[in-house]
Amino acid sequence: MQPVKIGILGLGTVGGGTVEVLIKNSTEIAARTGRDIVIHSVANLDDKCLKKLKLSTVKFSKDVFDVINDSQIDIIVELIGGTDLAKKCVIGALEAGKHIVTANKALIAIHGNEIFSLAQKKGLTVSFEAAVAGGIPIIKAMREGLSANKILSIAGIINGTGNFILSKMAEENVKFADALKQAQDLGYAESDPTFDVEGIDAAHKLCIMSSIAFGIKLQFDKVYTEGISAIKPDDVKHAKQLGYVIKHLGIAKQDKNGVQMRVHPTLIPDNKLLSNVDGVMNAVLIQSDALGESLYYGAGAGAHPTASAVVADIIDVARVLTSDPKNRVPHLAFQPNKLQNTTILAIEQITSSYYINLQVIDEAGVLAQISKILSDKNISIEAVIQHDTKNPQPQVPLIILTRQVKERFMDEALTKIAKLSTVHSYNRIRCEQLGD
Ligand code: HSE
């Protein structure tokens with residue numbers, strides 16, 4: 001068979017890794033695909049890396065549209081990131097009749113509905129395995145491996161940088177800012193780490209997984225997103241005393257009321273597999289009705305782990321080039337005309353238990369005042385920790401772990417608690433039991 005010709009846009013970390021994996025494993029890849037995969041042309045801001053990547057004989061341009069409009073190319077591999085130029089490239093390539101492989105989670109989460117609709121009209125495929133959890137084949141697992149199941153919930157550690165920071169805070173009792181500095185020094189976090197630590201990167205990934213799980217359109221703007229920058233070493237310590245660890249989770253669930261999609265710091269029991277996922281590793285826990293619980297673990301970032309997913313997508317697209325578009329796996333797992341308008345729940349409508357860290361005046365009756373407000377809202381207390389009355393500070397920490405309650409009632413209770421003259425400040429973290 002004729003070789004499949006690909007054009008790669010962007011030769012950064014993931015683009016470079018993709019070239020290396022394609023070259024290193026070319027024999028196995030061709031044997032699996034049934035034909036050779038040839039890098040026909042590449043576009044990058046400069047040509048400095050071409051020699052190192054053994055691309056000196058490959059067509060090169062600084063203009064992505066030279067590659068996109070090259071009539072010899074079957075598949076465009078978009079690895080430039082961002083949403084502006086990347087969107088123009090993907091739309092332009094689809095208009096030019098090219099299949100797409102991309103690692104771009106922001107692009108898919110924000111513009112995926114429009115992109116998939118155009119691809120469907122053109123009978124083309126857009127593959128995006130590397131957009132979620134790096135090298136873990138989670139899209140394939142959910143879209144194909146679990147296609148017999150009704151998916152009930154997803155809970156994932158889907159940002160390696162954030163997980164590295166929380167792991168360091170737990171292991172070394174360091175502050176958030178110091179752990180972030182270590183992540184930056186090791187090259188995990190971006191110099192502007194907002195997307196990682198404020199949960200935006202995880203929200204992109206959760207949005208994509210939720211659509212595939214529940215058969216809904218991509219709705220990034222409806223993902224509730226809260227970062228980890230307010231977590232204190234004391235929270236990590238108190239969580240440990242209560243038998244929990246703090247993880248930055250992406251959580252999506254569907255019940256009779258609708259779908260919830262949320263990214264926030266979360267206390268999870270310390271005996272769960274997810275609580276032992278440390279450092280930059282990612283993991284996704286899925287509850288589905290036929291299989292039950294399944295866990296997917298691996299490297300969520302890095303040149304070769306991400307290239308593993310990119311190249312697997314290239315192979316998949318190469319295999320279906322000649323197949324009837326109607327018989328291909330749908331982009332979002334469900335046939336486009338079967339996507340549902342399921343209600344997406346606001347964060348006030350979810351039910352959770354809560355860890356509350358209150359800074360209170362150390363005097364008689366404070367706990368009674370707070371428990372009265374909680375009990376008036378029918379909020380039951382699971383555990384209380386009151387420490388260190390010898391503390392020279394005027395306030396002492398009072399830690400309360402509640403049972404499950406609707407978030408709206410918790411909000412109302414906390415608004416009243418915050419008005420007590422004996423309460424200086426508080427923070428709260430949601431808590432999940434993660435199944436049995
Ligand atoms: N910045 C991401 C992370 C990697 O830290 O997990 C790519 O998604």
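Under 20 Å from Ala312 (Cα atoms) and either in contact with a strand residue (DSSP E or B) (Cβ under 6 Å, 6 or more places away or on another chain) or surrounded by fewer than 21 Cβ atoms within 10 Å (Cβ to Cβ) (or both) - does that describe any residue in the stretch 56-74?
yes
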Practice task
Mind listing whichever residues of the stretch 287-304 are more than 16 Å from the ligand (Cβ to nearest atom) and touching a helix residue (DSSP H, G or I) at 6+ places or on another chain (Cβ under 7 Å)?
Solution key: Leu295
Exercise for the section: Quick one: in the stretch 322-348, of everything that is in contact with a strand residue (DSSP E or B) (Cβ under 7 Å, 6 or more places away or on another chain) and surrounded by fewer than 17 Cβ atoms within 10 Å (Cβ to Cβ), which residue is nearest to Tyr224 (Cα to Cα)? Expected result: Thr343
Fill in the blank from the handout: A careful count of residues in the stretch 137-183 that are within 13 Å of Ile286 (Cα to Cα) and either in a strand (DSSP E or B) or among the basic types (Lys, Arg) (or both) gives 9
Problem - Given (1) surrounded by 15 or more Cβ atoms within 10 Å (Cβ to Cβ); (2) outside the structural domain of Ala131 (by TED's automatic domain parsing), number of the condition Asp376 does not satisfy - result: (1)
Problem - Filter result for Arg430 (under 24 Å from Thr351 (Cβ atoms), in contact (Cβ under 8 Å) with a residue 12 or more places away in the chain and crowded, with 17+ Cβ neighbours inside 10 Å) - result: yes
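Yes/no matrix, rows are residues, columns are (1) surrounded by 21 or more Cβ atoms within 10 Å (Cβ to Cβ); (2) within 16 Å of the ligand (Cβ to nearest atom):
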site	(1), (2)
Gly92	no, no
His111	no, no
Lys122	no, no
Ser127	yes, no
Val132	yes, yes
Ile139	yes, yes
Arg143	no, no
Ser147	no, no
Ser153	no, no
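Look at Ala189 and say whether it is in contact (Cβ under 8 Å) with a residue 24 or more places away in the chain, small (Gly, Ala, Ser), surrounded by 19 or more Cβ atoms within 10 Å (Cβ to Cβ) and closer than 25 Å to Leu107 by Cβ.
yes
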Fill in the blank from the handout: Among Ala312, Ala307, the single one that is within 16 Å of the ligand (Cβ to nearest atom), of a type in the set (A, V, I, L, M, F, W, C) and surrounded by 14 or more Cβ atoms within 10 Å (Cβ to Cβ) is Ala307
Exercise for the section: Quick one: in the stretch 263-284, of everything that is touching a Lys or Arg at 6+ places or on another chain (Cβ under 8 Å) and of a type in the set (A, V, I, L, M, F, W, C), which residue is farthest from the ligand (Cβ to nearest atom)? Expected result: Leu267
Handout entry: Single condition Gly187 does not satisfy, out of (1) within 30 Å of Pro330 (Cβ to Cβ); (2) at pLDDT below 95; (3) within 16 Å of the ligand (Cβ to nearest atom)
Key = (1)
Exercise for the section: Name the single residue, out of those in the stretch 190-206 being over 19 Å from Lys232 (Cα atoms), assigned to a helix (DSSP H, G or I) and more than 8 Å from the chain's Cα centre (by Cα), that is nearest to the ligand (Cβ to nearest atom). Expected result: Phe195
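The values are calculated or read from the model by the stated rules, or taken from the named source; none is laboratory data. Here the structure is a predicted model, which is why all the values come from computation and not from measurement. For neighbour counting, all protein chains shown are included, and Cβ atoms are generated from backbone atoms with ideal geometry for every residue, glycine included.
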